[in-house]
Amino acid sequence: MNAKNFYSPYLAEILGLLCAEGHHAIAYSSYWSLDRGKPRFRKNKRSERIEIYSKDIKLLNHFAFLVKKQFGYFPNITKDNKICIARKQVMREIISQTELGVLNWTVPGFVFTSNKKTKYAFIRGYLDGDGTVINNVRFFSCNKPGLLAVQILLFSVGFKTTLQGPIIKPKRKPAYVLQLTRKQKETFLKIIKPISKCAGAVHPAMRG
């Protein structure tokens, strides 16, 4: 895949979803195994995967479709509503664009320099993963720099937002809310076309 095709709307939407809901897990374990019929002790064996979780099966199926279009294989959905990516090349290509994790992600640089279709794709992915459309469109995160990057991206495609927070609640990280004006909602939804049935659900950051 050449660079032009690699930096696609499919990749942008995958990254938007992973920035919102993704997790990069690295673990080390020691165990005995058989090597050509002989027992062998494996010490600090490294395992790695990228995970995304959602209660919305429609959204997980859509994510799997995006992975198929971008990387050429269709990942499985587990019985506990996760998709795990363990192919090393795919993980490297994802992590080369942004770190993952609640406080670590950012909008990848190529998204800012891409066309509107690619920018819309990242916005759709992030909204489906960590947003709501109740009353007006809002995006949530504990990652203030990341959410400010989303604000810049939204402004670049004509949507003005306000950043609210921090929202402080017991035993939770401080959260921030990026909110569009109500008059932009109809236009925004027609352009972005969110996938998730849960886009209208009450986000945990807004619960008591």
Starting from region 15-28, take each residue that is charged (D, E, K, R) and list its partners that are not in a strand (DSSP E or B), counting only C-beta distances under 7 angstrom and pairs at least six apart or across chains.
21/54; 21/129; 21/130
Every residue in region 153-171 that is surrounded by 12 or more Cβ atoms within 10 Å (Cβ to Cβ) and either more than 16 Å from residue 134 (Cα to Cα) or in contact with a Ser or Thr (Cβ under 6 Å, 6 or more places away or on another chain) (or both), please.
153, 154, 156, 157, 159, 163, 164, 165, 166, 167, 169
If you take the residues of region 50-94 that are over 19 Å from residue 7 (Cβ atoms) and of a type in the set (A, V, I, L, M), which of them is surrounded by the fewest Cβ atoms within 10 Å (Cβ to Cβ)?
57
Tell me yes or no: at least one residue of region 92-112 is in contact with a strand residue (DSSP E or B) (Cβ under 9 Å, 6 or more places away or on another chain) and over 20 Å from residue 151 (Cα atoms).
yes
From 38, 43, 116, grab the single residue that is free of Cβ contacts under 8 Å to residues at least 60 places away in the same chain and either within 30 Å of residue 181 (Cβ to Cβ) or in contact with a Gly (Cβ under 7 Å, 6 or more places away or on another chain) (or both).
116
Given (1) under 19 Å from residue 13 (Cβ atoms); (2) at pLDDT 95 or above, index of the condition residue 132 fails
(2)
Out of the residues in region 132-148 meeting the condition of being more than 13 Å from residue 103 (Cα to Cα), without any contact (Cβ under 8 Å) to a residue 60 or more places away in the chain and outside any strand (DSSP E or B), tell me which one is farthest from the chain's Cα centre (by Cα).
135
Identify all residues within region 149-183 that are among the aromatic types (Phe, Trp, Tyr) and in a strand (DSSP E or B); write none if there are none.
176
Segments classed as strands (runs of 3 or more DSSP E), wholly inside region 13-103, with at least 1 members that are within 23 Å of residue 140 (Cα to Cα) and of a type in the set (Asp, Glu)
38-53
What do you reckon, is residue 125 touching a residue at least 12 places away in the same chain (Cβ under 8 Å) and touching a strand residue (DSSP E or B) at 6+ places or on another chain (Cβ under 8 Å)?
no
Write out, first by first residue and then by second, each pair whose Cβ atoms fall under 8 Å of each other, whose residues are 6+ apart or on separate chains, and whose first residue, in region 174-185, is within 15 Å of residue 163 (Cβ to Cβ) while the second is in a strand (DSSP E or B) and of a type in the set (Lys, Arg).
177/138; 178/138; 179/138; 180/138
Quick check: anything in region 102-121 over 28 Å from residue 190 (Cα atoms), of a type in the set (A, V, I, L, M) and out of contact with any Asp or Glu (no Cβ under 8 Å at 6 or more places or on another chain)?
yes
Tally time: how many residues in region 56-72 are in contact (Cβ under 8 Å) with a residue 40 or more places away in the chain and in contact with a Lys or Arg (Cβ under 9 Å, 6 or more places away or on another chain)?
3
Mind checking whether some residue in region 116-125 is in a helix (DSSP H, G or I), more than 16 Å from the chain's Cα centre (by Cα), at pLDDT below 95 and surrounded by fewer than 20 Cβ atoms within 10 Å (Cβ to Cβ)?
no
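The values are calculated or read from the model by the stated rules, or taken from the named source; none is laboratory data. All values reported here derive from a predicted model rather than from experimental measurement. Positions of Cβ are backbone-derived with ideal geometry, glycine not excepted, and every protein chain shown enters the neighbour counts.
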